[in-house]
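Q: Please read through the structure below; I'll follow up with questions.
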2 protein chains.
Amino acid sequence: MTTAPEKIAGILGGMGPEATVDLMRRIIAHTDARDDIDHVRCIVDNNPKVPSRIKALLEGGGEDPGPCMADMARKLEAWGADFLCIACNTAHNYYPSVRNAVRIPVLHMVELTVQAVARQRPDVKKLGIMASPAVRLTHLYEEPCRRFGIQAVYASPMQEQRLLGVIKDIKAGHTGDSVRAAFGEIVSDVKEQGAQGIAIACTELGIIGGDYGIFSVDAADVLARTIVEMAKGTTAL
Amino acid sequence: MTTAPEKIAGILGGMGPEATVDLMRRIIAHTDARDDIDHVRCIVDNNPKVPSRIKALLEGGGEDPGPCMADMARKLEAWGADFLCIACNTAHNYYPSVRNAVRIPVLHMVELTVQAVARQRPDVKKLGIMASPAVRLTHLYEEPCRRFGIQAVYASPMQEQRLLGVIKDIKAGHTGDSVRAAFGEIVSDVKEQGAQGIAIACTELGIIGGDYGIFSVDAADVLARTIVEMAKGTTAL
């Protein structure tokens, strides 16, 4: 029996750079490896110089990140990537620019995440999206959720500000009990709105991890697992 | 005043993949950044499929990793890297193959590490090399040390076996007190041989960190700092 050669993953990274390192760490963790050679080859453009997504999407007037991301995608394809992914939830607003720039498949972290919820827990009809306000304001989860008959719910305005504070705390290296407690209360807030599960749609929130007392999927984790499966040929798009 | 554009770092990685992720994390940590854009762009080939260095160097009969690493270097140069580095001590045995394959500079982690010792502590004349046996057996640190009038010393045979055990423990995720205590005793062993400082020449050993009660430099840390300085143009080779 011959085995098909493993596929090479191309990662559009740098948005921010820590999220890319986090995704690479998760890819390694999700690989059943006894030696180096069992790991997945990833070619990575950890490019923190991509124009600000926040400026372009929310503040207005910023340079369009689309062409830069399309260029990164073309270069990764030319280099030998068999499929691509984008290591950032918010940056998926530019998914069409990336998708149209290449012939190889481009994984969609948001769609994969909602799909994972629907497959693992078909009873979840209201899903709390734990993310920075940019994800809510750009309606990134709405369309994929709708397709699975799921309603996306978000932290209420006051709690959303706290959530942003939690994200900034974690970015600054604070992951202690008070940060975890604050996050727990924000989760309670979306539970009170009827959420039967949550999606962790922000790398920083994935770092504190833990048991939230509710069904949860981590978008970065779903993406990492899919990358390993795609590379090993155990799944196809 | 105009500022020169930042340089792009190319990383030959995957030897192993965790060491590459660790180096990327250190590059981020050593960058004085207020926002994503302040970080260094790194293009990374995290390629765990490079032929085994251990097989080729120590066990014999394995495929030569040189041509594979040269090919990785050429591709990173063609992609737009302004300089290269190799995220693994042992793999520096193939530094000449990489160096001869490209026109751009290639940082030499081992030379940079010994240079850092000589600059920071000119009184250190005996340096303990804390690494896997492959580093000692291939005499990787001997020539750079000689150039600075430094003698490289290694853990004695019994302690070297323990050191390998410590490295394997850390790889398996064990970083508790007993592992730290074992490492502390190995450091004492090289101190008894007259070492006035140690070089951490193995990614795993850098993970436990801590105060060794002796002057120390971490090779991965020296490399990460140099990458940031090279990219920002505050140093040149």
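The values are calculated or read from the model by the stated rules, or taken from the named source; none is laboratory data. Please read these numbers as outputs of a predicted model, since none were measured by experiment. In this analysis, Cβ positions are derived from the backbone assuming ideal geometry, glycine residues included, and neighbour counts consider all displayed protein chains. Note: areas computed on protein heavy atoms with side chains; ligands, DNA, RNA excluded. Shrake-Rupley method; radii C 1.70, N 1.55, O 1.52, S 1.80 Å.
Q: How far, in nm to one decimal, is B:ASP35 from itself in the other copies if the label point is set 7 angstrom along Cα toward Cβ? Shortest first, please.
A: The answer, with the shortest distance listed first, is 4.8 nm.
Q: From the label point of A:ILE104, set 7 Å from Cα along Cα→Cβ, how far away are the matching label points in the other copies, in nm, ordered shortest to longest?
A: 1.9
Q: Non-local amide H neighbours of A:ASP218 (under 5 Å, H modeled in plane, Pro and chain starts lacking H): which ones?
A: Correct list: A:ILE200.
Q: Could you report segment B:110-219's accessible area per residue, 1.4 Å probe, as an integer in Å²?
A: Per residue, segment B:110-219 has an accessible area of 45 Å².
Q: Can you give the FRET efficiency to the nearest 0.05 for A:GLN120 and A:ILE54, using r as the Cβ-Cβ distance and R₀ = 22 Å?
A: With R0 = 22 Å, the Cβ-Cβ based efficiency is 0.10.
Q: What are the ³J(HN,Hα) couplings of segment B:129-142, residue after residue, when phi is run through the Karplus curve with 6.51, -1.76, 1.60 and θ = phi - 60°? Round to Hz, x for glycine and proline.
A: Per-residue couplings from phi come out as 9, 8, 7, 6, x, 4, 5, 5, 5, 9, 6, 5, 8, 4 Hz.
Q: With the label 7 angstrom out along Cα to Cβ, how close does B:ASP71 come to the same site in each of the other copies, in nm, nearest first?
A: Those label-point separations list as 2.9 nm.
Q: Any idea of A:MET69's accessible area? Nearest 10 Å², probe 1.4 Å.
A: Accessible area of A:MET69: about 0 Å².
Q: Karplus couplings for segment B:80-93 from phi (6.51 cos²θ - 1.76 cosθ + 1.60, θ = phi - 60°), rounded to Hz, Gly and Pro as x?
A: Those phi angles translate into x, 5, 8, 7, 10, 8, 10, 8, 5, 4, 4, 5, 5, 4 Hz.
Q: Connecting C-alpha atoms closer than 10 Å in a GNM of chain B, tell me which of B:ALA73, B:ALA33, B:ALA224 has the biggest fluctuation.
A: The residue with the greatest mean-square fluctuation here is B:ALA33.
Q: Still on this structure, please answer the following. For A:ALA81, list long-range residues whose amide hydrogen, built 1.01 Å from N in the peptide plane, is under 5 Å from its own amide hydrogen.
A: The answer is none.
Q: Write down, largest first, the equivalent ellipsoid semi-axes of the protein assembly as shown in whole Å, where each equals the square root of 5 times an eigenvalue of the alpha-carbon gyration tensor.
A: 40, 25, 22
Q: 7 Å from Cα along Cα→Cβ at both B:GLN151 and A:THR235: what's the point-to-point distance in nm?
A: Each label point lies 7 Å from its Cα, and together they span 5.8 nm.
Q: Counting only protein heavy atoms, what percent of the accessible surface of segment A:110-219 is carbon or sulfur at a 1.4 Å probe?
A: With neighbouring chains kept in place, the figure for segment A:110-219 is 51 percent.
Q: Can you send over the solvent-accessible area of B:ARG162, 1.4 Å probe, protein chains only, in Å² to the nearest 10?
A: B:ARG162 has an accessible surface of roughly 90 Å² with all protein chains in place.
Q: I've got another one for you. List the residues of segment A:33-80 whose accessible area drops by at least 40 Å² when all protein chains are present, compared with their chain alone, using a 1.4 Å probe and counting only protein heavy atoms.
A: SASA drop of 40 Å² or more in segment A:33-80: A:ASP36, A:ILE37, A:HIS39, A:ARG41, A:VAL44, A:ASP45, A:ASN46, A:PRO48, A:LYS49, A:LYS75, A:TRP79.
Q: Work through the residues other than A:ALA236 whose Cβ is under 12 Å from its Cβ and net out their charges, Lys, Arg +1 and Asp, Glu -1.
A: So the surrounding residues net to 0.
Q: For every helix of n ≥ 4 consecutive DSSP H residues, a contribution of -39,500 (n - 2.57) applies; sum these over chain A, divide by its total residues, and give [θ] at 222 nm rounded to the nearest 500 deg cm²/dmol.
A: Helix contribution divided over all residues of chain A: -13500 deg cm²/dmol.
Q: Moving on. Which of the residue pairs A:LYS7/B:LYS49; A:LYS49/B:LYS7; A:LYS49/B:LYS49; B:LYS55/B:LYS168 have a Cα-Cα distance greater than 22 Å in the structure shown?
A: Distance filter (> 22 Å) returns A:LYS49/B:LYS49.
Q: Ignoring ligands, DNA and RNA, how much accessible area is buried between chains A and B, both sides summed, with a 1.4 Å probe, to the nearest 100 Å²?
A: Roughly 2500 Å².
Q: Give the value in nm², to one decimal: projected area of the alpha carbon convex hull of segment B:110-219, averaged over all directions.
A: Reported value for the Cα convex hull: 6.0 nm².
Q: Short version: ³J(HN,Hα) in whole Hz for each residue of segment B:208-216, in order, from phi by Karplus 6.51 cos²θ - 1.76 cosθ + 1.60 (θ = phi - 60°), x for Gly and Pro, what are they?
A: 6, x, x, 8, 8, x, 7, 4, 9
Q: Sticking with this one: Given the protein chains as shown and a 1.4 Å probe, how many square angstrom of B:CYS68 are accessible, to the nearest 10?
A: Estimated to the nearest 10 Å², B:CYS68 gives 40 Å².
Q: Now for a separate question. Scan segment A:1-70 for trypsin sites (Lys or Arg not before Pro) in coil per DSSP, keeping those whose Cβ has at most 14 other Cβ atoms within 10 Å, and list them by number.
A: A:ARG34
Q: Could you please point out the chain B residue with its Cβ nearest to the axis of the rotation taking chain B onto chain A, and the distance in whole angstrom?
A: Smallest Cβ distance to the axis, with its residue: B:VAL44, 2.
Q: Near the amide H of A:GLN151, under 5 Å away, which other amide H atoms are found, from residues 5 or more places off or on another chain, if H is placed in the peptide plane?
A: A:LYS126, A:LEU127
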